[in-house]
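Student: Sharing a structure below in structure tokens format, with a few things to ask.
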Amino acid sequence: MQKNILYIHGFNSSPLSIKAEQTRRYFLKNFPEVNFICPQLATSPNEAILQLEHIIDSSNKTESSEHDIWFVIGSSLGGYFSTYLASKYQFPAILINPAVKPFELLEDYIGEQKNPYTNIVYQVTEQHMFDLKAIERNAPSFDEEQKNNYLVMVQTGDEVLDYQLAVEKFQHCRLIVEQGGDHSFIGFDKKLPMIADFLQLKTKAVC
């Protein structure tokens, strides 16, 4: 039984982002048996979702992966994608300053964009907004068991997203609201042991 963490970066970000690297190093050091996956996402929402679903579905097709366990960790737009995947596959999900309505926020970014990590120049289009809206999912209500699948972490100083949207949407889930901070989620690395606990990962005892 293989345990897998699928880390989903945000808009114009990369597997080389600080949080992605911190997460990769932490789990490699403390839980080397966990398979950490963080792909460079395609620039269109539809292609990114197909890419993520392919990673999950391809693994689940092999006989040895019949009982594989998946977790998703998503930051910003990656949190929005993670909500979709958690709903579809019933996976535990950790959302870090998640985008709640990116189809509204990213309207201001329609046009040419350049990813600062990859230097890839691409177009954000109006169609992308419709594609994002199409994968919107409601958060679980109070009486749904799936609410226990979510750990949502926001900081009130987020200068990009309105943290209150996430607080309202995920009010019935496990929710951590920190005063101050910013969109990068300051001190994220110190939350990684708590994330491992939420995922019920246990450090092996040293004899």
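Student: What is the residue count in the stretch 163-179 for residues that are in contact with a helix residue (DSSP H, G or I) (Cβ under 9 Å, 6 or more places away or on another chain) and without any contact (Cβ under 8 Å) to a residue 60 or more places away in the chain?
Tutor: The number of residues fulfilling the criteria is 6.
Student: Those residues that are among the aliphatic types (A, V, I, L, M), surrounded by 19 or more Cβ atoms within 10 Å (Cβ to Cβ) and farther than 30 Å from residue 68 by Cβ, I need them from the stretch 91-128; list them, please.
Tutor: The answer is 105, 124.
Student: Condition check: over 14 Å from the mean Cα position of the chain (by Cα), modelled with pLDDT under 95 and more than 21 Å from residue 153 (Cβ to Cβ). Does residue 46 satisfy that?
Tutor: Against the criterion (over 14 Å from the mean Cα position of the chain (by Cα), modelled with pLDDT under 95 and more than 21 Å from residue 153 (Cβ to Cβ)), residue 46 does not qualify.
Student: In the stretch 3-25, is there at least one residue being loosely packed, with under 15 Cβ neighbours inside 10 Å, farther than 19 Å from residue 189 by Cβ, of a type outside the set (D, E, K, R) and more than 12 Å from the chain's Cα centre (by Cα)?
Tutor: No, the conditions are met nowhere in the stretch 3-25.
Student: For the stretch 20-50, how many residues meet the condition of being outside any loop (DSSP other than H, G, I, E, B), closer than 26 Å to residue 129 by Cα and in contact (Cβ under 8 Å) with a residue 12 or more places away in the chain?
Tutor: The total comes to 5.
Student: Select from the stretch 27-43 the residues that are of a type outside the set (A, V, I, L, M, F, W, C) and surrounded by fewer than 18 Cβ atoms within 10 Å (Cβ to Cβ) and write down the one among them that is nearest to residue 55 (Cα to Cα). Full working, then the answer.
Tutor: Going residue by residue through the stretch 27-43, those that are of a type outside the set (A, V, I, L, M, F, W, C) are 29-30, 32-33, 35, 39-40, 43.
Then drop every residue that is not surrounded by fewer than 18 Cβ atoms within 10 Å (Cβ to Cβ), which leaves 29-30, 32-33, 35, 39-40.
On the way: 29: 23, 30: 24, 32: 20, 33: 18, 35: 12, 39: 9, 40: 12 Å.
Looking at residues that are of a type outside the set (A, V, I, L, M, F, W, C) and surrounded by fewer than 18 Cβ atoms within 10 Å (Cβ to Cβ), I get 39.
Student: Here is a check on your reading of the model: is residue 136 of a type in the set (D, E, K, R) and more than 18 Å from the chain's Cα centre (by Cα)?
Tutor: No: the conditions fail for residue 136.
Student: Moving on to the next point. State all residues of the stretch 130-171 that are aliphatic (A, V, I, L, M) and surrounded by 13 or more Cβ atoms within 10 Å (Cβ to Cβ); if no residue qualifies, say none.
Tutor: Listed by number, the residues that qualify are 132, 135, 139, 151, 152, 153, 154, 160, 161, 165, 166, 167.
The values are calculated or read from the model by the stated rules, or taken from the named source; none is laboratory data. Owing to the predicted nature of the structure, the values given are computational and were not obtained by experimental measurement. When we count neighbours, we look across all protein chains shown, and the Cβ atoms used for this are built from the backbone with ideal geometry, even at glycine.
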